[in-house]
Amino acid sequence: MDRTEENRLPGLYIHIPFCKTKCPYCNFYSTTALGCIDAFLKALAGEMALYPERFPHFDTLYIGGGTPSVLDRRELETLFKSLRHTFSFAPRAEITVEVNPADFDADRFAFLRDLGVNRLNIGVQSFDDGVLAFLGRRHNAREAKEAVAWACRSGFDHLGLDLIYGIPGQSLEGWLEGPGYAATFPVDHLSCYQLTPERGTPLGARCQNGEFDLPDEQSQLDFFLRTSEFLGRFGFLHYEVSNFARGPGAMARHNRKYWDHAPYLGLGPAAHSFDGKRRWWNRKSLARYLEDLDKGLAPVEEDECLTPDQLRLETLFLGFRTRRGIDIARFDRDFGSDILSEKAEILARYTQEGLIVIENGFIAPTLAGMAVADQLALI
Ligand code: SF4
């Protein structure tokens, strides 16, 4: 079984919908009602019980949010007990927990490792106090550095950090100090996201009011290209638009399922699921989620059955975000097409423009192509 086939097994995502405070740029669903954690964990166990016949076995588990690290030891134990009681996990399953640097110390890292967690993703965002203050984060640069150092000493197989660039007024050199600092640790995965002030968030409102300017398109492209080149010097493969791994074995297996269109089950408020054709998503409200599960109902807000055209477009859209690109044989088999002949003209143009390469059975974006991945998907 090659990596692609292996990646067709489903992944499990758990959304922990709690944060101690809300960051002004964030549009993920979460609430600060920490008093509801016990009720949530009970409801979550009820939601798990709805699925083991359809989704009995996983090879990745990703606990995200929200802020999973607001859970204390007892709550984490309860969560893992429910998970292991209801589902089974492959012996070498990737088990990731997202952590906030403000919540963690050496004891808590060790505890997570004892629970079977083998991969941490730390929401560092920046090692610069000014940037962290702009982002409204709870932690400061010292806490971020300590959390990374502790995590490195705690014996996890894989360690990833999230970093954000494109902060108003940030220079390229100033930004690269963050990835450069991270690269001095045995961190094997970096997610570098461009700041996007989303509508409906306090930061989005400030941006619309003209309180600050974002870097222009050319600067954003410079950040993207220079980050890739800079991290390449430290052995990081730029394998997805926002993601870098120190070697193929460090790629985030769970996230690859999203990009490979593999099935996944998402549990918790606002979580999304996909079974290969159908996608559904949960209530984006803890109160409604608890109410539904109290009545024994699945807390599903809506679902949609993707048409072959939608699946095809998503496959292109997701595939062009990855350096590996589109698997030509699989694409032709899944969509009854012959993409190389049907799209010969535009593929030739993109090749000439240095946006794609066609080799070894894949249509793969170059680095310049990944920078315009959404546009490539419209072939
Ligand atoms: S960025 Fe993370 S910690 Fe901040 S509000 Fe969003 S989910 Fe919570």
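In debye to the nearest 20, how big a dipole does the stretch 308-376 give about its Cα centre with +1 on each Lys and Arg Cβ and -1 on each Asp and Glu Cβ?
I would put it at about 220 debye.
Please arrange Phe55, Phe185 by how many other C-beta atoms lie within 10 Å of their C-beta, fewest to most.
In order of increasing Cβ crowding within 10 Å: Phe185, Phe55.
Please identify every one of the GluC sites (Glu not before Pro) in the stretch 27-94 that sits in a loop by DSSP and has no more than 16 other beta carbons within 10 Å of its own beta carbon.
Of the GluC sites (Glu not before Pro), the ones in loops of the stretch 27-94 whose Cβ has at most 16 other Cβ atoms within 10 Å are Glu53.
Rg (Å, one decimal) plus Dmax (Å, integer) for the alpha carbons of the stretch 308-376?
Rg, Dmax (Cα atoms, Å): 11.0, 30.
If you look at just the Cα atoms of the stretch 195-278, how large are its Rg and its Dmax in Å?
Expressed in Å, the Cα Rg and Dmax of the stretch 195-278 come to 17.4, 44.
Modelling each spin label as a point 7 Å along the Cα-to-Cβ direction, I'd like the Glu302/Asp374 distance in nm, to one decimal.
In this crude label model, Glu302 to Asp374 measures out at 1.9 nm.
How many nm separate the modelled label positions at Arg288 and Ile346, each set 7 Å beyond the Cα in the direction of the Cβ?
Once both label points are built, they end up 3.6 nm from each other.
Work out how much length Asp309 to Phe234 would gain on full extension: take 0.36 nm times their residue separation and subtract the Cα-Cα distance, in nm to one decimal.
Using 0.36 nm per residue and subtracting the Cα-Cα distance, I get 23.0 nm.
Between Ile95 and residues 5 or more places away or on another chain, which pairs have amide H atoms under 5 Å apart, with H built 1.01 Å from N, and which residues are they?
Leu61, Asn118, Arg119
Per-residue ellipticity at 222 nm for the chain, helices alone: DSSP H runs ≥ 4 residues times -39500 (n - 2.57), over residue total, nearest 500 deg cm²/dmol?
-11000 deg cm²/dmol
Which whole-Hz ³J(HN,Hα) couplings does the stretch 133-148 yield from phi under the Karplus relation 6.51 cos²θ - 1.76 cosθ + 1.60, θ = phi - 60°, glycine and proline marked x?
In residue order, the calculated couplings are 5, 4, 7, x, 6, 6, 9, 10, 4, 4, 5, 4, 5, 5, 4, 5 Hz.
Below 15 angstrom from the Cβ of Thr31, what's the summed charge of the other residues (Lys, Arg +1; Asp, Glu -1)?
+3
Given that compact globular proteins tend to follow 2.2 N^0.38 Å, what is the ratio of the alpha-carbon Rg of the chain to that value?
Scaled against compact globular proteins, the figure is 0.99.
If amide hydrogens are placed 1.01 Å from N in the peptide plane, which non-local residues have theirs closer than 5 Å to the one on Phe18?
Thr31, Thr67
What residue among Pro91, Val300, Gly247 has its Cα farthest toward the positive end of the dipole of the chain, where the charges are +1 on Lys, Arg and -1 on Asp, Glu, each on the Cβ?
Pro91
Give Lys42/Lys284; Lys22/Lys145; Lys20/Lys42; Lys22/Lys277; Lys20/Lys295 a once-over and call out the pairs whose C-alpha atoms are over 24 Å from each other.
Beyond 24 Å between Cα atoms: Lys22/Lys277; Lys20/Lys295.
Distance from a point 7 Å along Cα→Cβ of Ala39 to each backbone N in the stretch 285-326: keep the residues under 15 Å and list them by number.
Backbone N within reach: 285-296.
Among the trypsin sites (Lys or Arg not before Pro) within the stretch 152-255, which fall in a DSSP loop and have no more than 14 other Cβ atoms within 10 Å of their own Cβ?
Arg199, Arg233
Could I have the simple spin-label model distance between Phe28 and Gln194, label points 7 Å from Cα toward Cβ, reported in nm to one decimal?
About 2.1 nm separates the two model spin labels.
Taking θ = phi - 60°, what integer Hz values does the Karplus form 6.51 cos²θ - 1.76 cosθ + 1.60 yield along the stretch 344-356, in sequence order, with x for Gly and Pro?
3, 5, 6, 5, 5, 5, 4, 5, 4, 7, x, 9, 9
Could you tell me which of Trp280, Gln208, His261 has its Cα farthest along the dipole of the stretch 188-341 towards the positive end, charges placed at Cβ (Lys, Arg +1; Asp, Glu -1), taken about the Cα centre?
Sorting the options by dipole projection puts first His261.
Counting other Cβ atoms within 10 Å of each Cβ, which GluC sites (Glu not before Pro) in the stretch 270-379 have at most 12 and sit in a DSSP loop?
Of the GluC sites (Glu not before Pro), the ones in loops of the stretch 270-379 whose Cβ has at most 12 other Cβ atoms within 10 Å are Glu353.
With every atom except the alpha carbons ignored, what do you get for Rg and Dmax of the stretch 224-351, in angstroms?
18.7, 57
A short reminder: the numbers here are calculations on the coordinates, not readings from a lab. These numbers were taken from a predicted model, which means no experiment stands behind them. Here the Cβ is made from the backbone with ideal geometry for all residues, glycine too, and neighbour counts use every protein chain on show.
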